[in-house]
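Everything below concerns the one structure shown next.
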Amino acid sequence: MDKDLQGKTALVTGAASGIGRAVALLYGQHGAKVMVSDIDEAQGRQVVAELQADGAQARFFTADVGDAAQCRQLVQATVAAFGTLDVACNNAGITGELSLTADYSLEGWQRIINVNLNSVFFCLKYELEAMLKQGAGSIINMSSILGQVGTPTLAGYVAAKHAVVGLTQTAAQEYAAQGIRLNAVGPGYVDTPLLKDFSAATKHALVGLHPIGRLGRAEEVAELVIWLSSDKASFVTGSYYPVDGGYLAK
């Protein structure tokens, strides 16, 4: 395997499970030092143990990324531990409430906007500050296929994921000349803990939405994130990349 992130420091939010875990492990395999962050300390420390067992340098930092102060502390802790912040994958997110728009609770709306959108802005703000000091960096924001299209009963999730794409494109233009690249990734339905509350029938229906005929795997999303994080994608910024088994091609 190419060690194309050798010597670089990577930060991953929502890294205790699912796509975030897959990204963190692959960062380590590609030579990066990895800061694993999540609200689930037990699972997050298990990911760190897996990274270390594979020979990677890794630390864990508990952070609720819906809190701006904790996002600042997370970035500061990463730089303090490893010296730089070269790559960040802002992955933390939740599915949130499933309701028709008129029935969507105000509390549910505020929660998902905070976790899925505000957190990305908070992390970006402090990641960019760190990367500007060194004049380089790559940031990948985790959106969704629902950052491009709508779907019933997921108004909050869809709104947040669309906004993540717009935020990414805006910041990419602002910081391209300073050597910082920003891109958004849009997974289709991936077999991760985010789908744990879905029934077997619902999961079967989701499979049918993907022309490839199955749900995605977290590792497949991680492979794209690794490429975007590396210098192999040095001319790539401000873009949205679906990993969706053909979902958006329909």
Can you give me the number of residues within the stretch 72-118 that are among the hydroxyl-bearing types (Ser, Thr, Tyr), within 17 Å of ARG59 (Cβ to Cβ) and part of a helix (DSSP H, G or I)? 1
Considering only the stretch 80-99, I want to know if a residue exists there that is surrounded by fewer than 24 Cβ atoms within 10 Å (Cβ to Cβ), in contact with a helix residue (DSSP H, G or I) (Cβ under 7 Å, 6 or more places away or on another chain) and aromatic (Phe, Trp, Tyr). no
Taking the condition β-branched (Val, Ile, Thr), in contact with a helix residue (DSSP H, G or I) (Cβ under 6 Å, 6 or more places away or on another chain) and farther than 30 Å from THR101 by Cα, does ILE145 pass? no
Qualifying positions in the stretch 195-220 - exposed (fewer than 14 other Cβ atoms within 10 Å of the Cβ), on the phi < 0 side of the Ramachandran plot and assigned to a loop (DSSP other than H, G, I, E, B): LYS196, ASP197, SER199, GLY208, PRO211, ILE212, ARG214
Can you tell me which residue in the stretch 47-61 is nearest to LEU25 (Cα to Cα), limited to those that are buried (at least 16 other Cβ atoms within 10 Å of the Cβ) and out of contact with any Leu (no Cβ under 9 Å at 6 or more places or on another chain)? VAL48
Taking the stretch 37-46 and keeping only residues that are surrounded by fewer than 19 Cβ atoms within 10 Å (Cβ to Cβ) and closer than 20 Å to ASN114 by Cα, one is left with ILE39, ASP40
Please enumerate the residues belonging to the stretch 180-194 that are under 15 Å from ILE145 (Cα atoms) and either without any contact (Cβ under 8 Å) to a residue 40 or more places away in the chain or in a helix (DSSP H, G or I) (or both). ASP191, LEU194
Lone unmet requirement of (1) touching a helix residue (DSSP H, G or I) at 6+ places or on another chain (Cβ under 9 Å); (2) within 16 Å of GLY246 (Cβ to Cβ); (3) at pLDDT 95 or above for ALA163: (2)
Look at VAL48 and say whether it is over 24 Å from LYS125 (Cβ atoms), without any contact (Cβ under 8 Å) to a residue 60 or more places away in the chain and β-branched (Val, Ile, Thr). yes
What are the pairs, 6+ residues apart or on separate chains, where a residue within the stretch 135-164 that is surrounded by fewer than 24 Cβ atoms within 10 Å (Cβ to Cβ) has its Cβ under 8 Å from a residue that is charged (D, E, K, R) and assigned to a loop (DSSP other than H, G, I, E, B)? ALA136/ASP86; ILE145/ASP244
Just checking, does the stretch 120-129 include any residue being touching a residue at least 40 places away in the same chain (Cβ under 8 Å), under 19 Å from THR13 (Cβ atoms) and in contact with an Asp or Glu (Cβ under 7 Å, 6 or more places away or on another chain)? no
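The values are calculated or read from the model by the stated rules, or taken from the named source; none is laboratory data. Just so it is clear, the model here is predicted, and its values are computed rather than measured. Every residue, glycine as well, gets a Cβ built from its backbone with ideal geometry; the counts of neighbours run over all protein chains shown.
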